[in-house]
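Have a look at the structure below before the remarks.
Here, each number is a calculation from the coordinates, and none is a lab measurement. Nothing here was measured: the structure is a model prediction, and the numbers come from that model. With ideal geometry, Cβ positions are generated from the backbone for all residues, glycine too; neighbour counts draw on all protein chains shown.
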Amino acid sequence: MKLKKRKERVSENNRSIVLVTGGAGFIGSHIVDLLIQNNYEVVIVDDLSSGREENINQKARFYNLNITDQKALIEVFKQEKPDYICHEAAQISVSFSVRDPLFDAQTNILGSLNLLQCCLLNHKVKGVVFASSGGTIYGEPEHFPITENYPFRPQAPYGISKVAVEHYLDFYQKTYHLPYVALRYGNVYGPRQDPYGEAGVIAIFIEKMLKGEIPTINGDGEYIRDYVYVEDVAQANLLALKNMVKLSKVVREIEKNKEKEKEEDETKAKTKAETETETKTTPEPEPEPEIKLNGLNLGTGRGISVNEIFSLLKEIIKFPHPAHYGPPRAGDLRKNVLDCRLIKEVLGWQPQFDFSAGLEETVRWFKENIH
Ligand SMILES: NC(=O)c1ccc[n+]([C@@H]2O[C@H](COP(=O)([O-])OP(=O)(O)OC[C@H]3O[C@@H](n4cnc5c(N)ncnc54)[C@H](O)[C@@H]3O)[C@@H](O)[C@H]2O)c1
């Protein structure tokens with residue numbers, strides 16, 4: 001990797017510098033575009049393993065490197081002195097993570113740790129926004145929509161790595177006062193999504209249907225997900241950066257209150273135990289899971305099935321054929337719908353694109369760019 005020597009950067013024109021890892025990818029490139037529109041200076045770190053050169057915004061400074069490359073990443077931090085980090089770079093395939101958990105952990109855990117260590121270099125990084133995954137970290141819950149305090153129950157190494165990074169972020173915040181927000185994305189869709197992988201059913205269907213090919217629906221098509229449009233996701237990243245300072249204060253306040261409540265509960269429990277003479281007849285209630293406020297669900301709160309996606313696309317594309325049905329995919333979770341009230345409360349974010357509007361935009365982009 002070649003790094004040009006630069007003068008010390010103290011944000012030209014006082015603009016904040018944001019380092020976007022994975023900024024040549026699907027979601028990362030939309031974040032980069034929005035940040036540049038909002039007058040941020042943007043630095044991209046991406047190894048182009050799944051990202052594309054044509055996604056790279058010309059106004060961003062681009063470093064083609066792997067986030068696990070410690071020496072090279074330190075050099076980038078020294079030269080660019082980023083104020084904020086949006087961390088999108090990752091191995092994104094759940095099934096690949098099952099086949100090769102070691103590779104997944106190398107990129108998704110060790111790469112993230114490498115990045116966090118760089119945030120502790122001499123200059124002060126003001127905060128990290130992390131792309132977590134609301135679709136995988138909670139496993140298969142019994143209640144919907146899923147709130148942030150639902151316990152982590154990842155079923156595959158990909159989800160395990162996202163949970164691990166959330167815990168590391170919490171550690172860095174507590175130990176080194178590095179603020180962070182983990183945005184727990186639902187199923188993101190929109191322009192620039194790769195139709196060739198396994199990740200995006202919408203991209204795969206659109207690509208096939210525009211070519212006149214019949215897509216295959218796995219299983220009965222009643223697999224429900226919370227689909228969120230990529231521009232809405234970029235907007236949430238921007239709001240997270242803008243509110244980082246405020247947010248970490250809110251978090252500290254909530255943590256203080258929680259400590260106080262805990263102390264009060266302990267005192268109450270002690271008094272109760274001292275006065276109690278009889279043996280207990282009723283079992284103790286289950287303790288409430290702890291709210292991890294720096295993790296915010298990012299979805300729409302609306303569940304959509306694969307059958308619905310197909311019929312909406314059929315209408316938009318005017319596709320004449322019915323879908324094929326194939327065997328279900330092993331390990332696919334049945335349902336995921338996220339409760340997104342907290343992100344609205346904390347960041348004032350809510351989706352601007354309803355599902356059909358987002359689908360129409362996506363179809364338009366695929367028509368212009370793939371055909
Ligand atoms: N797409 C979704 O529905 C979804 C849902 C939940 C979470 N996420 C998370 O959002 C982030 C972005 O996902 P995406 O859908 O845009 O995927 P993507 O594959 O388009 O983007 C990932 C980017 O990271 C780059 N990258 C991968 N490994 C790297 C490495 N070791 N060093 C440097 N760059 C590397 C790739 O080249 C690519 O540009 C990921 O962290 C993913 O886990 C995505």
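Along the axis of the charge dipole computed for the stretch 290-371 (Cβ charges of +1 for Lys and Arg, -1 for Asp and Glu, origin at the Cα centre), the listed residues 340, 351, 321 are led at the positive end by 321.
Remark: the stretch 184-191, residue by residue, has Karplus-estimated 3J(HN,Hα) of 8, 5, x, 8, 8, 9, x, x Hz, where x stands for each Gly or Pro and the curve is 6.51 cos²θ - 1.76 cosθ + 1.60 at θ = phi - 60°.
With θ taken as phi - 60° and the Karplus curve 6.51 cos²θ - 1.76 cosθ + 1.60 applied, the whole-hertz 3J(HN,Hα) list for the stretch 80-95 is 8, 6, x, 7, 9, 10, 10, 9, 10, 4, 6, 7, 10, 8, 5, 5 Hz, x standing for glycine and proline.
Mean sequence separation of contacting Cα pairs (under 8 Å, at least six apart), scaled by the length of the stretch 84-163, corresponds to a relative contact order of 43 percent.
By the helix-only formula, in which each DSSP H run with n ≥ 4 contributes -39500 (n - 2.57) and the sum is divided by residues, the chain has a 222 nm mean residue ellipticity of -13000 deg cm²/dmol. Largest GNM mean-square fluctuation among 180, 158, 196, using the chain with Cα springs under 10 Å: 196. Legend: ranking of residues 365, 349 from fewest to most surrounding C-beta atoms inside 10 Å; resulting order 365, 349.
Counting other Cβ atoms within 10 Å as a rough exposure proxy, the listed residues 302, 334 run 334, 302 from fewest neighbours to most. Cross-linked pairs 81/208; 124/260; 335/367: Cα-Cα separations exceed 32 Å for 81/208. When the P(r) is computed for the stretch 35-174, the part past 18 Å accounts for 60% of the Cα-Cα pairs.
Bin all alpha-carbon pair distances of the chain at 20 Å intervals from 0 and give each bin's fraction as a whole percent. Values per bin, smallest distances first: 27, 54, 16, 2. The HN-Hα couplings worked out from phi for the stretch 130-135 by the Karplus form 6.51 cos²θ - 1.76 cosθ + 1.60 (θ = phi - 60°) are 10, 7, 8, 9, x, x Hz, whole numbers, x standing for Gly and Pro. Largest GNM mean-square fluctuation across 81, 71, 344, computed for the chain with C-alpha springs under 10 Å, falls on 71.
Look at 227, 63 and count the other Cβ atoms within 10 Å of each Cβ; fewest to most, that gives 63, 227. Checking the Cα-Cα distances for 162/344; 211/344; 71/162; 262/344 against a 29 Å cut-off, the pairs over it are 211/344.
Contact order, relative form, for the chain: 18 percent (alpha carbon pairs under 8 Å, 6 or more residues apart, mean separation divided by residue count). Annotation for the stretch 301-334 versus the stretch 87-163: alpha-carbon center distance of 27 Å.
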